[in-house]
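The values are calculated or read from the model by the stated rules, or taken from the named source; none is laboratory data. Since the structure is predicted, the reported quantities are computational estimates derived from the model, not experimental observations. Cβ atoms come from the backbone with ideal geometry, glycine included; neighbour counts cover every protein chain shown. Only protein heavy atoms, including side chains, enter the accessible area calculation; ligands, DNA and RNA are left aside. Shrake-Rupley method; radii C 1.70, N 1.55, O 1.52, S 1.80 Å.
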Amino acid sequence: MSRRIVISGLGAVCPRATGPAALWERFSQGDVGPPSSLAERIPDAAFAKQSAQLRHMDRLGRIALTATTLSIEDAGPGNPLQTGIAFGSSYGCLPTNAEYLEAILERGGRYGNPVVFQNTVTNAATGYISMVHDLRGPTATLCSGHAAGLEALRFGCQQIEEGQAERMVVVGADTLSPMLLAGIALPEGMRVSEAACALVLEEHTRALTRGAHRHAEVLGTGHRGGSLTNQAHTLARAVRDAMHLARIEPEQLGAVFSCASGRGDFDGWEQRGLHEALGAHAAKVPVSCPKDVLGESFSTAGMLAVVLATRALDKGCALVTALGGEGSALAVVLRGGAHD
């Protein structure tokens, strides 16, 4: 990468944890306990502090804004005119669209709720974040399946590298609804979860100058697409691209934060892809599966894995992966600690 980019702010909210410290505590304990249901939702109290003027936000906007606020508070002050937003979501506003259309189907076109209608586009959440925090830099909303969160992170790095923004707030969020869950083919017994996660990215020197805490450095990212029948090779290419940009060899990876979820096809693709990319080191490097504890949170899972990696790393390097399910694969290489 042409510029050194660090993560200076972290924010996360999921059903049983709010904030990176609570998220890490839950993950490190590893005991999820018996779920009340297979689909876990974030308690409304998690975003109760949001302004009354934003009460018409849908659930996606609320959880995304909550995570973003936590990350910006963690990062400290920056120039809002030079701060952009990259928002990634797997299913976006589909639950809100269902709510809006149900009223029309039941009562007729005159009964479409205009308050709900304003949230029937996924980039409404990006707009709320921009308005609340007065962020005026470049914005993008990415809906690219389960890899959307890491794709947003990659986009954010590109904006800083190209000089389009001084800072980028990268957000991933997905919500759940009965209709959405009914339409997704999930393995029996899989735990699924709402979640939102946000990171603040900025150039290393700028963060160092203002005395910001540097949670980790993004050394390289890789993004590849390919045939649905060849996802293992697609992931291997993305991992190699990320390591090439990071200028590291497989042996320098101290940990892998996997996107394994219990789906046999996805997990098989990832295992074969890691072995293809890392060679003999694939059998030696510790592999962690955050979804075992946190559940399948779709686009947000990769972002949560990044937060966990920043907490787990000391000075070493870690790899975070994501498979989009539509032929796309993302990989991110991080280095922990503050390297001046």
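S36 falls short on exactly one of the conditions (1) within 30 Å of A312 (Cβ to Cβ); (2) polar (S, T, N, Q); (3) open to solvent by 20 Å² or more (accessible area, probe 1.4 Å); (4) modelled with pLDDT of 85 or more, and that condition is (4). Looking at G295, G325, G302, just one residue is under 26 Å from T141 (Cβ atoms) and modelled with pLDDT of 95 or more, and that residue is G302.
Only one of the numbered conditions (1) buried (at least 20 other Cβ atoms within 10 Å of the Cβ); (2) within 24 Å of E188 (Cα to Cα); (3) free of Cβ contacts under 8 Å to residues at least 40 places away in the same chain is not met by G295, and that is (3). Scanning segment 143-162 for residues that are of a type outside the set (D, E, K, R), open to solvent by 10 Å² or more (accessible area, probe 1.4 Å) and at pLDDT 95 or above gives F155, Q158, Q159. Being surrounded by fewer than 21 Cβ atoms within 10 Å (Cβ to Cβ) and at pLDDT 95 or above is a property that holds for R136. All of K284, K315 fail the test of being open to solvent by 10 Å² or more (accessible area, probe 1.4 Å), of a type in the set (K, R) and touching a Gly at 6+ places or on another chain (Cβ under 8 Å), apart from K315.
Look at A277 and say whether it is modelled with pLDDT of 95 or more, open to solvent by less than 40 Å² (accessible area, probe 1.4 Å), of a type in the set (G, A, S) and within 15 Å of the chain's Cα centre (by Cα). For A277, the condition - modelled with pLDDT of 95 or more, open to solvent by less than 40 Å² (accessible area, probe 1.4 Å), of a type in the set (G, A, S) and within 15 Å of the chain's Cα centre (by Cα) - is not met. Screening the candidates V121, V169 for the property of being in contact (Cβ under 8 Å) with a residue 24 or more places away in the chain, of a type in the set (A, V, I, L, M) and open to solvent by 30 Å² or more (accessible area, probe 1.4 Å) yields one hit, V121. The residue of segment 4-33 that is modelled with the highest pLDDT, among those that are more than 17 Å from E73 (Cβ to Cβ) and loosely packed, with under 14 Cβ neighbours inside 10 Å, is E25. The single condition among (1) open to solvent by less than 20 Å² (accessible area, probe 1.4 Å); (2) over 25 Å from G145 (Cβ atoms); (3) among the aliphatic types (A, V, I, L, M) that L105 does not meet is (1). Is there a residue being touching a Phe, Trp or Tyr at 6+ places or on another chain (Cβ under 6 Å), in contact (Cβ under 8 Å) with a residue 12 or more places away in the chain, assigned to a loop (DSSP other than H, G, I, E, B) and crowded, with 21+ Cβ neighbours inside 10 Å anywhere in segment 74-93? Looking through segment 74-93, at least one residue is touching a Phe, Trp or Tyr at 6+ places or on another chain (Cβ under 6 Å), in contact (Cβ under 8 Å) with a residue 12 or more places away in the chain, assigned to a loop (DSSP other than H, G, I, E, B) and crowded, with 21+ Cβ neighbours inside 10 Å.
Screening S144 with (1) closer than 20 Å to V13 by Cβ; (2) touching a strand residue (DSSP E or B) at 6+ places or on another chain (Cβ under 9 Å); (3) not charged (D, E, K, R) gives one miss only, at (1). Where helices (runs of 4 or more DSSP H) fall entirely within segment 100-162, those with at least 2 residues that are among the polar types (S, T, N, Q) are at 123-133, 148-161.
Considering (1) farther than 21 Å from G11 by Cα; (2) at pLDDT 90 or above, the lone condition that G84 does not fulfil carries the number (1).
Checked against the criteria, A198 counts as touching a residue at least 24 places away in the same chain (Cβ under 8 Å) and under 30 Å from R41 (Cβ atoms).
Every condition in (1) of a type in the set (A, V, I, L, M, F, W, C); (2) within 30 Å of R3 (Cβ to Cβ); (3) open to solvent by less than 20 Å² (accessible area, probe 1.4 Å) is met by L245 except one, and the failing one is (3).
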